[in-house]
1. Rounding to the nearest 20 debye, state how big the charge dipole of the chain is about its Cα centre with +1 on each Lys and Arg Cβ and -1 on each Asp and Glu Cβ.
2. At q = 0.29, 0.30 Å⁻¹, what is the log10 ratio I(q)/I(0) for segment 59-120, with the Debye formula run over Cα points and no solvent?
3. Which of the peptides 11-17, 156-162 is most tightly packed, and how do the rest follow, going by the mean number of other Cβ atoms within 10 Å of each residue?
4. Of Lys149, Lys204, Lys251, Lys101, how do they rank once you tally other Cβ atoms within 10 Å and put the fewest first?
5. What's the FRET efficiency of Asn188 with Val3 using the Cβ-Cβ distance as r and R₀ = 22 Å, to the nearest 0.05?
6. Which log10 I(q)/I(0) values, to two decimals, does segment 186-279 give at q = 0.20, 0.21 Å⁻¹ under the Debye formula with one point per Cα?
7. Stretched out fully, how many nm does the piece from Arg225 to Tyr71 gain, at 0.36 nm a residue minus the Cα gap?
8. Take peptides 29-35, 125-131 and line them up by average Cβ neighbours within 10 Å, highest first, as a rough protection proxy.
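Nothing in this text is a laboratory measurement; each read-out follows from the coordinates by a stated rule. Quantities reported herein were computed from a predicted structural model and do not represent experimental measurements. Quick reminder, even Gly has a Cβ in these numbers, built from the backbone with ideal geometry, and neighbours come from all protein chains shown.
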Amino acid sequence: MKVIRSIPDMRQLMSDYRLQKKQIGFVPTMGYLHEGHLSLMREANKENDIVVASIFVNPLQFGPNEDYEEYPRDEQADARQAEEAGVDVLFIPTAAEMYPKPTLMQLGITDRADVLCGRSRPGHFEGVLTVLTKLFHIVSPHKVYFGLKDAQQVAVVDALIEDLNFPIELVGLPTVREADGLAKSSRNVNLTDQERNEAIWLYKGLQHGQQLIHRGEQHPDQVVRAVTEIMQQNLSGTIDYVELLSYPSLKPVTTINQQVILAAAVYFDKARLIDNLLLDQNGEIVARYD
């Protein structure tokens with residue numbers, strides 16, 4: 001596995017691969033890899049000639065009160081796991097490499113960003129879009145892989161690729177979970193033992209909502225109310241939101257008669273956890289988005 005740290009070196013290597021007619025799959029990450037990231041890399045390895053992963057904790061997507069400095073990092077372990085998962089090239093730029101001077105331009109988004117996590121994280125998706133646009137230009141992949149754990153991000157990336165005509169296929173893959181159902185996340189290490197035990201109710205609440213839809217409930221308000229009640233009864237953390245929206249447009253719906261996302265976020269003392277289920281109109285889970 002090659003480890004590249006400079007943008008010019010990365011561009012040259014990617015140009016060489018394209019001249020060789022290699023298909024390139026790309027997995028952008030912020031590092032501290034877990035099974036969710038590795039599952040994306042393994043899938044990319046199945047579907048492409050070359051797998052590129054990036055590790056970059058992007059300062060632009062962290063708000064003033066968020067955990068940029070505290071975000072967990074372990075480059076040595078990340079490199080070992082990425083290589084085992086089939087990554088051919090690991091791109092690890094510094095913030096100075098990606099942003100050598102103050103940015104004069106950031107991408108904005110007029111839709112899909114003012115709901116779910118975007119509501120309480122102003123500027124977050126502008127930072128995501130800016131860094132992904134840079135990475136897409138540097139890597140020039142044929143396919144890019146994201147986990148549906150952050151389904152709002154997948155919807156935003158879908159808009160980025162479509163609106164800016166990137167010749168990239170977006171692949172959204174299922175959330176990888178612990179044995180008890182908790183979505184794997186780099187932030188799970190910040191939970192206390194009690195919070196970790198409670199956190200499974202984030203997923204259990206969403207499952208209850210899914211079951212209601214599967215049994216024929218078509219009113220979003222009823223589903224959201226039921227999910228919220230279960231979480232309030234079992235979580236000491238503060239619920240940020242429980243929402244049911246169309247997907248990927250992320251619009252309110254009056255009747256559940258199309259593909260929807262049922263999503264929630266909870267604040268614990270030192271971690272904010274998110275989870276969701278992507279469902280068809282009958283309440284069946286949609287496993288892959290592409």
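1. Here the chain has a charge dipole of around 480 debye.
2. These q points yield log10 I(q)/I(0) values of -1.20, -1.24.
3. Result, highest mean first: 156-162, 11-17.
4. Least crowded to most crowded, the residues run Lys101, Lys251, Lys204, Lys149.
5. The value I calculate is 0.25.
6. Calculated log10 I(q)/I(0) at the listed q: -0.89, -0.95.
7. In short, 52.2 nm is gained.
8. 125-131, 29-35
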